[in-house]
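Here's the structure we're looking at; comments come further down.
The values are calculated or read from the model by the stated rules, or taken from the named source; none is laboratory data. Just so it is clear, the model here is predicted, and its values are computed rather than measured. Positions of Cβ are generated from backbone atoms using ideal geometry, with glycine treated the same way; all protein chains shown enter the neighbour counts.
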Amino acid sequence: MSQDRLKDIYYFVDERGNSPVKEFIKALSLDDRVKVFAYIGELKKQGNNLRRPLADYLGYGIYELRPKANRVFYFFFHKDSAILVHAIRKKTDKVPQKDLELCIKRKAFVEESIRIEKLDP
């Protein structure tokens, strides 16, 4: 059995203690939740080796998981962890700029304050 490339995966936690990605996933249908957690599992196994069609690099240190029409945005933290910072139901071919900007803002917030919650699927 091969070892996971990532030690941990975390949810971003905002200033109010909310975890938007966790809440997004919780609101999905059972089938979509299963798919999202399967992709998160692949992210943990493959780390930065995960590529299309499962994941893609968007720039500014931000990546996306691509389960069906859902997108879960993340970045790598301390070499062996990933932090899930944002999630959307994608309705267009391109990721909306406002969503990418929010990811960048949340990444900076985490790097300054380290407010995260460990993922327990």
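Of (1) among the charged types (D, E, K, R); (2) within 24 Å of residue 3 (Cα to Cα); (3) touching a Phe, Trp or Tyr at 6+ places or on another chain (Cβ under 6 Å); (4) surrounded by 15 or more Cβ atoms within 10 Å (Cβ to Cβ), residue 107 satisfies all except one. Which?
All conditions pass for residue 107, except number (2).
Got a sec? Which of 82, 87, 108 is small (Gly, Ala, Ser), over 15 Å from residue 11 (Cβ atoms) and not in a loop (DSSP other than H, G, I, E, B)?
108
Return the only residue of 80, 93, 31 being closer than 20 Å to residue 119 by Cβ and at pLDDT below 95.
Just one listed residue meets the conditions, 80.
Quick check: is even one residue across the range 9-19 surrounded by 18 or more Cβ atoms within 10 Å (Cβ to Cβ), over 12 Å from the mean Cα position of the chain (by Cα) and touching a residue at least 24 places away in the same chain (Cβ under 8 Å)? First the steps, then the outcome.
Our first condition is that a residue be surrounded by 18 or more Cβ atoms within 10 Å (Cβ to Cβ); within the range 9-19, this holds for 9-13, 19.
Checking which are over 12 Å from the mean Cα position of the chain (by Cα) leaves us with 13.
Still in the running and touching a residue at least 24 places away in the same chain (Cβ under 8 Å): 13.
Checked the range 9-19: at least one residue is surrounded by 18 or more Cβ atoms within 10 Å (Cβ to Cβ), over 12 Å from the mean Cα position of the chain (by Cα) and touching a residue at least 24 places away in the same chain (Cβ under 8 Å).
Please state which of the following conditions residue 6 fails to meet, knowing it meets all the rest: (1) over 19 Å from residue 117 (Cα atoms); (2) part of a loop (DSSP other than H, G, I, E, B); (3) of a type outside the set (D, E, K, R).
(1)
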